[in-house]
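Have a look at the structure below before the remarks.
The values are calculated or read from the model by the stated rules, or taken from the named source; none is laboratory data. For clarity, every value in this text was computed on a predicted model and none was experimentally measured. Every residue, glycine as well, gets a Cβ built from its backbone with ideal geometry; the counts of neighbours run over all protein chains shown. When the accessible area is computed, the model is the full protein with side chains, heavy atoms only, and any ligands, DNA or RNA have been set aside. Shrake-Rupley method; radii C 1.70, N 1.55, O 1.52, S 1.80 Å.
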Amino acid sequence: MTDTNETRWHTYEDADAVAQATANWILDAARIAVAEGRTFRLVLAGGRTPEKAYRLLSNVDTDWSTWEIFYGDERCLAIDDSERNSVMALRAWLEKVDIPASQLHPIPAELGAESAAAAYGDLISSALPFDLVLLGIGEDGHTASLFPGQEHSADELVHPVHDAPKPPPDRVSLSRNTLANTRRLLVLVTGDNKYNAVNAWKSGESIPVASIHPESGVDVLIDHAALKQ
Ligand code: 6PG
């Protein structure tokens with residue numbers, strides 16, 4: 001039985017190498033899901049870090065009909081706002097491949113945080129467990145839209161978020177338990193601006209990214225810059 005607190009650190013030369021490794025991990029997880037007769041249910045990370053990996057996936061030739069895409073969080077912005085996590089993923093990858101539209105599940109954050117969280121919770125309740133969850137980490141140790149010092153109801157699958165310290169203030173986030181309800185979880189970390197958050201994590205500080213405990217543990221794909229190596 002894997003220790004649910006196990007965190008495995010995989011170090012790479014730079015952000016490009018992290019992106020290539022991320023794409024490889026995702027494709028491996030997809031192959032496993034399909035071999036086991038499942039649709040591959042993948043939860044995307046937002047922010048900028050995963051964009052390189054998404055661009056690499058846009059050039060892959062695979063059977064996209066077996067893929068189903070969810071999001072770990074979303075910003076409460078108009079559906080076509082370039083600052084939305086869904087718009088970044090569409091432009092970098094998803095609009096360039098043939099995943100069936102019925103298997104692309106953006107968070108309807110344009111409805112407002114409460115309505116979107118309720119609707120998305122209903123949607124994902126029948127999609128658990130996920131096959132793979134991707135997460136980023138903020139300089140303050142946040143992940144998805146789970147920010148330090150913000151409390152949420154433990155019985156929610158998906159949280160409305162307000163007063164987020166990273167703009168925009170209104171967001172929607174899968175809960176820590178929902179994010180942990182997955183066969184594999186990757187945290188993607190690049191850049192020296194993440195060094196302090198990584199150190200806090202390694203030192204055992206209770207930052208949000210450290211609160212996600214899938215049964216299989218956590219794999220961190222990190223470059224030398226984020227370790228100040
Ligand atoms: C968001 C993301 C957020 C992100 C981290 C890292 O909506 O901003 O969900 O959790 O993953 O802030 O962002 P970068 O990858 O841009 O550093």
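If you go through the stretch 179-207 and keep only what is closer than 28 Å to E110 by Cα and more than 14 Å from the ligand (Cβ to nearest atom), you end up with A180, N181, T182. Among the residues making up the stretch 159-178, those that are closer than 24 Å to L42 by Cα and more than 12 Å from the ligand (Cβ to nearest atom) are H159, P160, S175, R176, N177, T178.
From the list V172, V198, V189, V133, the one residue that fits, being over 30 Å from H224 (Cα atoms), touching a residue at least 60 places away in the same chain (Cβ under 8 Å) and of a type in the set (V, I, T), is V172. Criterion applied to E139, E151, E156 was being more than 23 Å from H105 (Cα to Cα) and away from the ligand (no atom under 16 Å from the Cβ), and the one residue passing it is E151.
If you go through the stretch 143-166 and keep only what is in contact (Cβ under 8 Å) with a residue 24 or more places away in the chain, over 14 Å from I124 (Cβ atoms), open to solvent by 20 Å² or more (accessible area, probe 1.4 Å) and in a loop (DSSP other than H, G, I, E, B), you end up with P148, H162, P165, K166. Within the stretch 189-205, being over 24 Å from H152 (Cα atoms) and either outside any loop (DSSP other than H, G, I, E, B) or open to solvent by 60 Å² or more (accessible area, probe 1.4 Å) (or both) holds for V189, D192, N193, K194, Y195, N196, N199, K202, S203. Looking across Y71, Y54, Y12, one residue alone is in contact with a helix residue (DSSP H, G or I) (Cβ under 8 Å, 6 or more places away or on another chain), aromatic (F, W, Y) and open to solvent by 20 Å² or more (accessible area, probe 1.4 Å). It is Y12.
Given the criteria surrounded by fewer than 19 Cβ atoms within 10 Å (Cβ to Cβ), closer than 19 Å to A29 by Cα and modelled with pLDDT of 95 or more, does L104 qualify? Yes.
All conditions in (1) within 30 Å of A35 (Cα to Cα); (2) in contact with a Ser or Thr (Cβ under 9 Å, 6 or more places away or on another chain) hold for N177, with the sole exception of (2).
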